[in-house]
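*Asks:* Following this message is one structure expressed as structure tokens.
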Amino acid sequence: MYLMATRKRIIILGSTGSIGANTLSCVDQAPEEYDIIGLSTHRNIGVVLQQVKRHAARAVAVTGPIADAEKKELDKLKIAVFTGPSALVDLVRAHDFDLLVNAVVGAAGFVPTLEALEKKVDIALANKETLVIGGQIVMRKSRENRVQLLPIDSEHSAVFQSLLGENYADIEEVILTASGGPFRTTPAAELKNVTLSQALHHPNWNMGKKITIDSATMMNKGLEVIEARWLFDVAVDQIRVVIHPQSIIHSMVCFVDGSVKAQLGVPDMRIPIQFALTFPRRQRSDFPRIDWRTLRELTFAAPDLDKFRCLALAIAAMRAGGTAPAVLNAANERAVAGFLQQQITFDRIPVIVERAVEKHAFVSHPTVEDLLSADRWAREFVDRLR
Ligand SMILES: NC(=O)c1ccc[n+]([C@@H]2O[C@H](COP(=O)([O-])OP(=O)(O)OC[C@H]3O[C@@H](n4cnc5c(N)ncnc54)[C@H](OP(=O)(O)O)[C@@H]3O)[C@@H](O)[C@H]2O)c1
């Protein structure tokens, strides 16, 4: 007797972004394996309309503003349309599905993750801000509800893959690699003069604007330290950041016996995304391979924490715990928005973030509501400062 293979039913939050679009191109590698239940955008309605049609999605969520003409186009789809600030949660709540791909940027990804945890649906997590804001609560809920959290971030996917078949108690150190971004060799004194287009020009990865700026300040690596602390249940002191400009080794784990395991590949997000989609299987792909004939060197260096203050601030916020990482994250989002709108210079980002973390009313054991209110406070604080 032949058993019909069941399709994996997925919802992709943030399908119009860099990770979202790459997720859909992974789906295109084996379309017969997936049912696209839902997609979402903030304001890119033209793109989401095309995605819905191409992938026969059953529902769509739009969190940002919608013009009347766009509303008409959405209505013509004759599928469920969720709008407004609660649209992502409404989409997750309304449907039965097997995997949530959370590819939204920023704190907006946090509450929908909590909703998927309540529904006991596995989560492929690109939205690192979820774990930065509420890592302790998210990890507790995922254990209680037996929800698998599959990291999409290439570093965390590398650590996750290095840990397959291993005992987490045998981790001595998690080694997160970092490209160093576009200003790796720029003298610290010149950071105040760097332009937006220089900051948006990442040497190895093609990503959304916010994470690209976070990579330039190295806040991204700081957020990833926090993400790793929660995903792999290690102390902050067990996480080492190493500059590796080639971005070929995506991260490593050193075990208690001194053995080190790493995961390598070309810098192409489709590789970790596909692994999260097909886990525990691997699926053949036509994604590019490392060319060992031309790869000359893999180099490593320690990060400069004085120059990249954001990395130091994130590590300090993690050590402080409580509401500090949520405030750091929200302040960073608003400071980065200010830099993207060319209202502040690049070197102001860490100054603003540090001030917000110092000034906030710290809560040591926050509830979800405490975290959301710390996030709101930090945004208002930074917007007054900018
Ligand atoms: N890009 C990468 O290679 C990469 C690698 C590792 C981890 N990540 C993480 O993955 C997440 C997504 O990154 P990305 O580079 O794909 O970002 P992106 O290209 O900016 O896409 C973000 C997605 O989120 C939507 N969105 C924006 N603001 C929103 C809001 N307030 N509420 C709901 N949805 C909103 C966007 O909609 P619109 O299209 O309408 O703006 C878009 O669909 C981030 O957490 C990032 O740190 C990304």
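The values are calculated or read from the model by the stated rules, or taken from the named source; none is laboratory data. Remember, it's a predicted structure, so these values are computed and weren't measured experimentally. Neighbour counts run over all protein chains shown; Cβ positions are idealised from the backbone, glycine included. Protein only, heavy atoms only, side chains kept; ligands, DNA and RNA dropped before computing areas. Shrake-Rupley method; radii C 1.70, N 1.55, O 1.52, S 1.80 Å.
*Asks:* Tell me, what ³J(HN,Hα) does each residue in the stretch 221-231 have, in order and in whole Hz, if you take phi through Karplus 6.51 cos²θ - 1.76 cosθ + 1.60 with θ = phi - 60° and put x for Gly and Pro?
*Replies:* My calculation for the stretch 221-231 gives 5, x, 4, 5, 4, 5, 4, 5, 4, 7, 4 Hz in order.
*Asks:* Simple spin-label model, 7 Å along Cα-to-Cβ: R386 to E369 in nm?
*Replies:* The answer from the label model is 2.9 nm.
*Asks:* Under 1.5 on a/c is rounded, so check that first for the stretch 47-205, then, if it is not, pick prolate when a/b is larger than b/c and oblate when it is not; a ≥ b ≥ c are the square roots of the alpha carbon gyration tensor eigenvalues.
*Replies:* Oblate is the answer for the stretch 47-205, as a/c is 1.5 or above yet b/c matches or exceeds a/b.
*Asks:* Still on this structure, I have one more. Along the Cα-to-C-beta direction of T6, a point sits 7 Å from the Cα; which residues of the stretch 278-315 have their amide N less than 14 Å from that point?
*Replies:* Within reach of a label on T6: no residues.
*Asks:* Could you point to the residue in V92, A374, N332 farthest towards the positive end of the chain's charge dipole, with +1 and -1 charges on the Cβ of Lys/Arg and Asp/Glu respectively?
*Replies:* Positive-end residue among those listed: V92.
*Asks:* Also: Leaving ligands, DNA and RNA out of it, report the carbon-plus-sulfur percent of the accessible area of the chain at a 1.4 Å probe.
*Replies:* 50
*Asks:* Now for a different question. With no solvent and one equal point scatterer placed on each C-alpha of the stretch 1-62, evaluate the Debye formula and give log10 I(q)/I(0) for q = 0.23, 0.26 Å⁻¹, two decimals.
*Replies:* -0.87, -1.09
*Asks:* Another question about this same structure. With the chain treated as a Gaussian network of Cα nodes joined by springs under 10 Å, which of G321, G181, G165 yields the largest mean-square fluctuation?
*Replies:* So, out of G321, G181, G165, the one fluctuating most is G165.
*Asks:* Between E166 and N206, 0.36 nm times their residue separation minus their Cα-Cα distance comes to what?
*Replies:* 11.2 nm
*Asks:* Moving on to the next point. Would you work out the charge dipole size for the chain about its Cα centre, treating the Cβ of every Lys and Arg as +1 and the Cβ of every Asp and Glu as -1, and quote it to the nearest 20 debye?
*Replies:* Using Cβ point charges on Lys, Arg, Asp and Glu, the chain gives about 740 debye.
*Asks:* Let me ask something else about it. Amide H of E172: which non-local residues (sequence gap of 5 or more, or other chain) have their own amide H closer than 5 Å, using H built in the peptide plane?
*Replies:* C254, F255, V256
*Asks:* Rounded to the nearest 500 deg cm²/dmol, what is the calculated helix-only ellipticity per residue at 222 nm for the chain, with -39500 (n - 2.57) per DSSP H run of length n ≥ 4?
*Replies:* Rounded to the nearest 500, the figure is -13000 deg cm²/dmol.
*Asks:* Please list, in chain and number order, the residues 5+ apart from G180 or on another chain whose amide H is under 5 Å from its amide H, with Hs placed from the backbone.
*Replies:* H244
*Asks:* How many Å³ per residue does the convex hull of the Cα positions in the chain occupy?
*Replies:* 158
*Asks:* While we're here: Among residues other than V147 whose Cβ falls under 10 Å from its Cβ, what is the net charge (Lys/Arg +1, Asp/Glu -1)?
*Replies:* +2
*Asks:* Next question. Just to confirm, what accessible area per residue do you get for the stretch 8-147 at 1.4 Å probe, in whole Å²?
*Replies:* 41
*Asks:* I would also like to ask the following. On full extension of the chain, what length is gained from R43 through R93, given 0.36 nm per residue of separation minus the C-alpha to C-alpha distance?
*Replies:* Going from the current span to full extension adds 15.9 nm.
*Asks:* Using a simple charge model, +1 on the beta-carbon of Lys and Arg, -1 on the beta-carbon of Asp and Glu, nothing else, what dipole does the stretch 321-386 show about its Cα centre, in debye to the nearest 20?
*Replies:* Value, rounded to 20: 220 debye.
*Asks:* Please label the shape of the stretch 321-386 as rounded, prolate or oblate, based on the square roots a ≥ b ≥ c of the eigenvalues of the alpha-carbon gyration tensor (a/c under 1.5 means rounded; beyond that, a/b larger than b/c means prolate, else oblate).
*Replies:* In terms of gyration-tensor shape, prolate.
*Asks:* Another one. Quick one: compute the contact order of the chain, relative version, from alpha carbon pairs under 8 angstrom and 6+ residues apart, as a percent.
*Replies:* Answer for the chain is 14 percent.
*Asks:* Nearest 5 is fine: what % of DSSP beta bridges in the stretch 8-147 come out antiparallel, could you say?
*Replies:* 0
*Asks:* Let me ask something else about it. Go through the stretch 127-138 residue by residue and turn each phi into a ³J(HN,Hα) via Karplus (6.51, -1.76, 1.60, θ = phi - 60°); whole Hz please, and just put x for glycine and proline.
*Replies:* With coefficients 6.51, -1.76 and 1.60, one gets 5, 5, 4, 3, 7, 5, 6, x, x, 5, 5, 4 Hz.
*Asks:* Nearest-5 percent of antiparallel DSSP beta bridges in the chain?
*Replies:* Approximately 30 percent, going by the DSSP bridge assignments.
*Asks:* Can I ask one more? Please work out whether the stretch 94-179 counts as rounded, prolate or oblate from its C-alpha gyration tensor, where a ≥ b ≥ c are the square roots of the eigenvalues and a/c under 1.5 means rounded, while otherwise a/b larger than b/c means prolate and anything else oblate?
*Replies:* It comes out prolate by the Cα gyration axes.
*Asks:* Which three numbers, in whole Å and largest first, are the semi-axes of the equivalent ellipsoid of the stretch 255-355 derived from its Cα gyration tensor as √(5λ)?
*Replies:* 34, 19, 18
*Asks:* Now for a different question. Once you have the Cα-Cα distance between A316 and K53, take 0.36 nm times their residue separation minus that, and quote the gain in nm to one decimal.
*Replies:* 90.1 nm
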